[in-house]
1. Please determine whether any residue of segment B:162-175 is assigned to a strand (DSSP E or B) and either of a type in the set (S, T, N, Q) or at pLDDT 95 or above (or both).
2. State all residues of segment A:113-138 that are buried (at least 22 other Cβ atoms within 10 Å of the Cβ) and among the aliphatic types (A, V, I, L, M); if no residue qualifies, say none.
3. Which ones in segment B:100-129 are crowded, with 19+ Cβ neighbours inside 10 Å and either of a type in the set (D, E, K, R) or assigned to a strand (DSSP E or B) (or both)?
4. How many of the residues making up segment A:104-161 are over 30 Å from B:A337 (Cα atoms), polar (S, T, N, Q), modelled with pLDDT of 90 or more and out of contact with any helix residue (DSSP H, G or I) (no Cβ under 7 Å at 6 or more places or on another chain)?
5. Read through the list (1) part of a loop (DSSP other than H, G, I, E, B); (2) more than 10 Å from chain A (Cβ to nearest Cβ); (3) surrounded by fewer than 16 Cβ atoms within 10 Å (Cβ to Cβ), then give the number of the only condition that B:A304 fails.
6. Does A:L81 satisfy being free of Cβ contacts under 8 Å to residues at least 12 places away in the same chain and over 27 Å from A:D142 (Cβ atoms)?
7. Any residue at all in segment B:219-237 that's buried (at least 19 other Cβ atoms within 10 Å of the Cβ), over 21 Å from the mean Cα position of the chain (by Cα) and not in a helix (DSSP H, G or I)?
8. Considering (1) over 23 Å from B:A226 (Cα atoms); (2) under 21 Å from the mean Cα position of the chain (by Cα), say which one B:Q172 fails and leave the rest.
Amino acid sequence: MEPNVSPSIELRRDLQVIARNIPAGSRVLDLGCGDGELLSWLIRHRACTGTGIEREEEKVLAAIKRGVPLVEVDIDSQLDLFAPDSYDVVVLSRTLQAVLRPDLVLTQMRRIAPRLIVTMPNFGFWPHRLRLLSGHMPRSKDLPYSWYATPNLHHATLIDLEPLFRDVELKQEKRIPLSPHGNPRALGQFGANLLAASAIYVLVRADQDPTRL
Amino acid sequence: MAATYDGLGVTETKKVTLFDPAHPLTLVGGDQLDEVVVAYETYGTLNEDASNAVYICHALTGDAHAAGWHPGDKHPGWWDTMIGPGKAIDTNRWFVISSNLLGGCQGSTGPGSINPATGKPWGLDFPLLDMSDFVTVHRALVAHLGVRKLHAVVGGSMGGMQALQWSLSYPQDLGIAVIIAASSRLTAQNIAFSAVGREAIIRDENFRDGRFCEQETRPDVGLSIARMMAHITYTSEEGFQAKFGRKPQHKESAPGFGVDFAVEGYLEHQGEAFLTRFDALSYLYLTRVMDYFDPFAEPSALDAVRADPVRYLVMSFDSDWRFSTEQSRRIVRRLAAAELPVTFREIHSPWGHDSFLLKIDPYLATVKAVLEADTDYRGTVWSRT
């Protein structure tokens, strides 16, 4: 372990932000872990342990080669594999919009760990609104797909998303709006629903004191 | 004709006496064996600090000859798709050990061996075995070969059960346990299939209460029926359909009770071929070990490995209904609840349980990736001394 390495070394920008919100030594479950970049970094530099979930063949093998334990299960239907409270943090990065039932997935995540980190593209980002005004569905770096071939089943703005967290008894500890490049915005929360391309949410169980973590 | 023997080339089965009257083997059930001979093969080279060994555990009817060629054979060892230079278990890198199970019939001591106390074959006087007994004997072979630490223990089906048992009982022995198409607890249906196989053998008129060796006869009908039925469970509807469909065995169909469909001819061949290499008593003893296998039953089952965390790879095949993905998930659930580093994949393959013996690229690539992964868990709770 090299505890002094900052997340800014080696890590994709949005993952740096996520890493900063994961306490050292945490047990981390990363849903949609890709090639294991985040988990591998957390294991090496933050004494974390963890498991990734991924289904794309090449990414699965890349994560395994990095030494990241990886479980191939369906996020929509098979999260019952994990025992209650078996992790400290569950990460769902840019995937919530692509699951069948975001409410059910969040409920499972809440069962598995007391702390959730969720990133979500913002469909209310102003260029998307312009696209819609011009008569077309939004497309951007964060939402690059045509409407008929997109894995994104759900389109929500940030202010649409937040009531869902309340409904599944999650409390918003932090919201970090991101620029189109994945950096935290210089303007912070100001006009986020219009001006942020995506946002990272740190969520805790609503019935639980977050300082206990 | 060296060119015929690709991969590892010619390999050889050796034998060693690992337990003798001065150092007998005490079994889980309390019985003692005064002589245990083990047949084994090795491939590759043991490195200087004796830490690059990979132990292969075979399934119900496997043997020590996992890879390479025995002169004159039409086929290489049973896991030649997996083991060899540059393959998933790369013999340029790993020193591979493969042994025939205690209770088996292909060189290692089993119920068909001579009981030193009577000078006659053991028959049903051979003691009942437990998965842990296999591990005890494997460990004795490891010590005999001067191996200090196993990089991995790898097995499919009942071989995966041995790998699991080994990791739970002696986690300090191994870095990685690879558990493929296995189960931690047979279902009622699994046990039922085994039971019918055993009944076919025991009810064969030539079984003679297990004394058939002395009486120079063999329950061939029973054993081949057991094999035919088991073989159906090792493949899949889709596999049978692709291979045979309703094709006739001969050019013209000849309705009657003989072998008329191609699938019938295939099964008959499987049954016959099995007789040349397997013993009915071993079949009884080894299937029974699987029936009773339930390593997570003890509440303390995971204590040792929790304190010394082995890395796990658990894999299943989506068309395997003998040991289904759900059975692998059960293993994963237990290991994950103990906060162990577990990798789990369900591999797509139409070939059922037997898929673990076949060349299925994502499957082999995963084994290779896990064995060769760049793991550095130093500083985490997974770090090992």
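The values are calculated or read from the model by the stated rules, or taken from the named source; none is laboratory data. Just so it is clear, the structure is predicted and the values come from calculations on it, not from any experiment. Ideal geometry is used to build each Cβ from the backbone, glycine not excepted, and the neighbour counts take in all protein chains shown.
1. Taking every residue of segment B:162-175 in turn, at least one turns out to be assigned to a strand (DSSP E or B) and either of a type in the set (S, T, N, Q) or at pLDDT 95 or above (or both).
2. A:A113, A:L116, A:I117, A:V118, A:M120
3. Across segment B:100-129, the qualifying residue is only B:P121.
4. Qualifying residue count for the region: 1.
5. For B:A304, the failing item is (1).
6. Yes, satisfied.
7. yes
8. Result: B:Q172 passes all but (2).
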